[in-house]
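Q: Let me give you the structure first, and then I'll get to my questions.
Taken together, the values in this text are just the output of simple stated rules run on the coordinates, not laboratory data. Quick caveat: nothing in here was measured; it's all calculated off a predicted structure. Here the Cβ positions follow ideal geometry from the backbone for every residue, glycine too, while neighbour counts run over all protein chains shown.
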Amino acid sequence: MKKTNGKVNKTVKIVAKIFEIVHWAGIGLMVAVAICSIAAGDWLMSVLDTGAASNQTLSFYGYEVTFANSAGEVSPTAILMFAIGTALICPLMAMIFRNIYLIVKKSEGTTPFNNDNVRMLKEIGIFSIVIPIVGLIMGIITSLVIGLDTVNYVHVNADGFIMGLIVLALTHIFAYGVELEKDVDGLL
């Protein structure tokens with residue numbers, strides 16, 4: 001049983017670290033896209049015009065922006081707003097994966113019920129709730145900056161709220177586990 005858990009833990013750590021790095025790199029990519037939309041908007045529009053007929057919407061964790069109008073013309077401002085919103089969401093996701101990695105790492109060979117894990121679980125819950133809020137705020141700002149017809153629809157992805165609430169509930173269970181372990185250690 002320990003070998004299976006060890007393999008699972010190792011896999012979770014590797015995947016979490018990869019996703020963390022990808023999200024940190026995503027910030028740099030979105031900054032580059034934002035700079036391109038400002039400095040080389042015509043070039044960016046020509047690159048995106050080739051695929052605008054088939055897919056006019058950019059989406060990232062519930063934040064969606066339509067970057068081409070009904071005539072197929074690409075809006076560099078829409079690309080800029082999408083890049084800004086995505087650059088704000090990426091660090092939140094990176095921190096979620098960082099905390100997952102650290103929770104698994106700190107729990108190897110010992111109990112997962114410790115104060116650091118409780119804190120990191122709470123942070124995961126908070127980040128999960130903040131992500132759809134950032135998407136909603138950026139959707140509203142994007143619709144005001146560009147116009148209502150360029151934002152596909154402003155919505156909140158309820159999955160983030162639900163996941164955040166589940167993780168916050170687990171936080172209380174883990175906090176209770178920490179207290180039980182203290183009580184057991186006090187008896188021994």
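Q: Under the definition of Cα pairs under 8 Å and six or more residues apart, what whole-number percent is the relative contact order of the stretch 73-180?
A: Once normalised by length, the contact order is 34 percent.
Q: If the limit is 19 Å between Cα atoms, which of LYS13/LYS182; LYS17/LYS105; LYS17/LYS106 go over it?
A: Flagged as over cut-off: LYS13/LYS182.
Q: Net charge near HIS23: determine it from the other residues with C-beta under 13 Å of the C-beta of HIS23, scoring Lys and Arg +1 and Asp and Glu -1.
A: +1
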